[in-house]
Amino acid sequence: MNDTFSYPTMLSVKNAAAQFGISAYYLRNLCRAGKVRFVCAGNRWLINADSLVAFFNEGDIPAERENKHS
């Protein structure tokens, strides 16, 4: 059996913000508002790159939050 798994591309806040030309502050606010998917690994936020692309391609689309973080 040759099952393949597809994992999302996860980026640090700093890297994601730099790649998309936005501030880290704005990106964290998008995450807090549930518009971009993210997970917390310790005290690091990891951004789901596909979710961020979808946000910018399709506009203000709510994403299910993967982690509640205040």
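The values are calculated or read from the model by the stated rules, or taken from the named source; none is laboratory data. The structure displayed is predicted, hence computed values, not measured ones. Cβ: placed from backbone, ideal geometry, glycine included. Neighbour counts: every protein chain shown. The area values use the complete protein model at the heavy-atom level, side chains included, leaving out ligands, DNA and RNA. Shrake-Rupley method; radii C 1.70, N 1.55, O 1.52, S 1.80 Å.
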Check: Among (1) farther than 16 Å from residue 56 by Cβ; (2) assigned to a loop (DSSP other than H, G, I, E, B), which single condition is residue 36 missing?
Finding: (1)
Check: Quick one: which of 3, 50 is open to solvent by 90 Å² or more (accessible area, probe 1.4 Å) and either at pLDDT below 90 or part of a loop (DSSP other than H, G, I, E, B) (or both)?
Finding: 3
